[in-house]
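The values are calculated or read from the model by the stated rules, or taken from the named source; none is laboratory data. Just so it is clear, the structure is predicted and the values come from calculations on it, not from any experiment. Here the Cβ is made from the backbone with ideal geometry for all residues, glycine too, and neighbour counts use every protein chain on show. For the accessible areas, the whole protein counts, side chains as well, though only heavy atoms, and no ligand, DNA or RNA atoms are used. Shrake-Rupley method; radii C 1.70, N 1.55, O 1.52, S 1.80 Å.
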Amino acid sequence: MSDIAVIDAGGANFGSVCYALERLGARPQIVRDADGLRGMPRVLLPGVGAAAPAMTLLRERGFVEVLPRLEVPLLGICLGMQLLFESSEEGNVACLGLLPGRVRKLQGGPGLRVPHMGWNTLEPVVASPLLAGLDAGAYAYFVHGYAAPVTADCIAACTYGERFAAMVARGHIAGAQFHPERSAATGARLLDNFLRWSPA
């Protein structure tokens, strides 16, 4: 059994995230302040909602100071991944700054509504242990109106009118724009890969 801290950043569906982790043999611990991260071997930052209120909550609970100093694997999910970047157009807010880049509003296109909601395919960009067992074209479930750019940290992309980062990784920091807990076998494999991940 592997302990993992699940940060309460407000609005997240902790039940389904924790259940998905438990099915893989992990012991998720919901953490509501930065002190709860002490001694945890890995950390998950889920998020549902808007960037500005989530950053306000993270700041009030001491996470903004502590997360940049973490040396254990950290995975951001959906909004949690977007908060890893320097800033977001959503509320024009400064984020955690763990990854370079600015999150921008999806533009959609003919017949493409925003937010992007539903199943879409993953396009591996660079090899990563986080992508082990995930074939090109694997389906994942997305719900988001903003997206991170495809930068040097992007390990898997997705296209919805435009190409955006579906997964990122740099050092011990990683993120998934899609919802692993709602992405069936693809999501389970990503979470299992993260639980086993030992970044150099």
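Tabulated data
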{"quantity": "Any hit, segment 8-17, residues being assigned to a helix (DSSP H, G or I), aliphatic (A, V, I, L, M) and buried (at least 17 other Cβ atoms within 10 Å of the Cβ)", "calculated": "yes"}
{"quantity": "Pairs where the first residue, in segment 119-136, is touching a residue at least 24 places away in the same chain (Cβ under 8 Å) and the second is surrounded by fewer than 12 Cβ atoms within 10 Å (Cβ to Cβ) and among the acidic types (Asp, Glu), C-beta under 6 Å, 6+ apart", "calculated": "none"}
{"quantity": "Listing of strands (runs of 3 or more DSSP E) fully contained in segment 56-148 that carry 1 or more residues being among the charged types (D, E, K, R)", "calculated": "85-88, 99-105"}
{"quantity": "Residue that is farthest from Gly47 (Cα to Cα), among those in segment 154-200 that are among the hydrophobic types (A, V, I, L, M, F, W, C) and in a helix (DSSP H, G or I)", "calculated": "Ala185"}
{"quantity": "Out of Ala94, Ala140, Ala136, sole residue that is open to solvent by 30 Å² or more (accessible area, probe 1.4 Å) and at pLDDT 95 or above", "calculated": "Ala94"}
{"quantity": "Subset of segment 113-133 (residues that are open to solvent by 40 Å² or more (accessible area, probe 1.4 Å) and within 14 Å of Cys158 (Cα to Cα))", "calculated": "Met117, Trp119, Thr121, Glu123, Pro124, Val125, Val126"}
{"quantity": "Odd one out for Leu44, checked against (1) within 18 Å of the chain's Cα centre (by Cα); (2) open to solvent by 30 Å² or more (accessible area, probe 1.4 Å); (3) closer than 18 Å to Arg196 by Cβ", "calculated": "(2)"}
{"quantity": "Qualifying residues in segment 97-112 (those that are touching a Gly at 6+ places or on another chain (Cβ under 6 Å) and at positive phi) - the one surrounded by the most Cβ atoms within 10 Å (Cβ to Cβ)", "calculated": "Gly108"}
{"quantity": "Boolean, Ala152 is over 28 Å from Glu71 (Cα atoms), at pLDDT 95 or above and open to solvent by 10 Å² or more (accessible area, probe 1.4 Å)", "calculated": "no"}
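Residue-wise test of (1) touching a Gly at 6+ places or on another chain (Cβ under 8 Å); (2) over 19 Å from Phe178 (Cβ atoms); (3) open to solvent by 40 Å² or more (accessible area, probe 1.4 Å); (4) modelled with pLDDT of 95 or more.
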{"residue": "Leu21", "(1), (2), (3), (4)": "no, no, no, yes"}
{"residue": "Leu24", "(1), (2), (3), (4)": "no, no, yes, yes"}
{"residue": "Gly49", "(1), (2), (3), (4)": "yes, no, yes, no"}
{"residue": "Val64", "(1), (2), (3), (4)": "no, yes, no, yes"}
{"residue": "Pro68", "(1), (2), (3), (4)": "yes, yes, yes, yes"}
